[in-house]
Amino acid sequence: MSKQSLAIVHELLNPLDNIHLSVEMLNTVSRNSEAQVYLDVIERSTSRIYNALNAYLFPSRPEQLLSDENSMHQLLNEVLAIADDRITRKQIVISKEYSAPDNKIVLNKPAVKIALLNIIMSAIDAMTPAEGELKLQTELMNGKYVLRIKGNGPGTIVHALATAFYILRSN
């Protein structure tokens, strides 16, 4: 990692800490429930940025990242929880068609979580408010785990998560 990269990360962490402290202070003095919704969004968003910067500063070894089996259903639910602010704000209908049983797969959870979040956020952004529908499907097909993310927004996006993972989004 270059010195310039480290300097940039540290320059980002300082204002991020200030934002976090300011939100904490506002939480102690604000009794406004509408303001609280936005403070929660700011807090969750700054936490995501902080975690991403820390992951960049302190990367795990590849063998650590791929050592545990992970529930794809749990991972998808975690991603939906992170995206909940945007889902709620745009009034998107979410449907989950998860296969039974929940197959566990070995993957780089932080990287796949970020990739799935980016795909879901892109899909939500492409949808018309109050008309959007996002469907998450999982299934085991011919010995391979298949994840489909379908949205009714315009466009076609193909994302490659890793060599073994492809997600196609059409419509």
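The values are calculated or read from the model by the stated rules, or taken from the named source; none is laboratory data. Small disclaimer: the values here were computed from a predicted structure and weren't measured. Here the Cβ positions follow ideal geometry from the backbone for every residue, glycine too, while neighbour counts run over all protein chains shown. Accessible surface is based on the protein model in full, side chains and every heavy atom, while ligands, DNA and RNA are left aside. Shrake-Rupley method; radii C 1.70, N 1.55, O 1.52, S 1.80 Å.
Only one of the numbered conditions (1) out of contact with any helix residue (DSSP H, G or I) (no Cβ under 8 Å at 6 or more places or on another chain); (2) surrounded by 13 or more Cβ atoms within 10 Å (Cβ to Cβ); (3) outside any helix (DSSP H, G or I) is not met by Asn70, and that is (1).
Only one entry of Leu21, Leu6 meets the criterion of being among the aliphatic types (A, V, I, L, M), open to solvent by 90 Å² or more (accessible area, probe 1.4 Å) and either under 25 Å from Asp84 (Cβ atoms) or in contact (Cβ under 8 Å) with a residue 12 or more places away in the chain (or both), and that entry is Leu21.
Figure legend. Inter-residue proximity from the stretch 103-122: first residues surrounded by fewer than 18 Cβ atoms within 10 Å (Cβ to Cβ), second residues basic (Lys, Arg) and at pLDDT 85 or above, beta-carbon distance below 7 Å, spacing 6+ or different chains. Indicated pairs: Met121/Arg86. A count restricted to the stretch 28-46 and to residues that are out of contact with any His (no Cβ under 8 Å at 6 or more places or on another chain), closer than 21 Å to Arg86 by Cα and assigned to a helix (DSSP H, G or I) stands at 12.
Might you check whether a residue that is out of contact with any strand residue (DSSP E or B) (no Cβ under 7 Å at 6 or more places or on another chain), under 19 Å from Gly153 (Cβ atoms) and at pLDDT below 85 occurs anywhere in the stretch 59-71? Scanning the stretch 59-71, I find no residue that is out of contact with any strand residue (DSSP E or B) (no Cβ under 7 Å at 6 or more places or on another chain), under 19 Å from Gly153 (Cβ atoms) and at pLDDT below 85, so the answer is no. Consider Leu107 carefully, then state whether it is within 18 Å of Arg44 (Cα to Cα) and hydrophobic (A, V, I, L, M, F, W, C). Against the criterion (within 18 Å of Arg44 (Cα to Cα) and hydrophobic (A, V, I, L, M, F, W, C)), Leu107 does not qualify.
Just to be sure, is Thr46 open to solvent by less than 70 Å² (accessible area, probe 1.4 Å) and hydroxyl-bearing (Ser, Thr, Tyr)? In short, yes.
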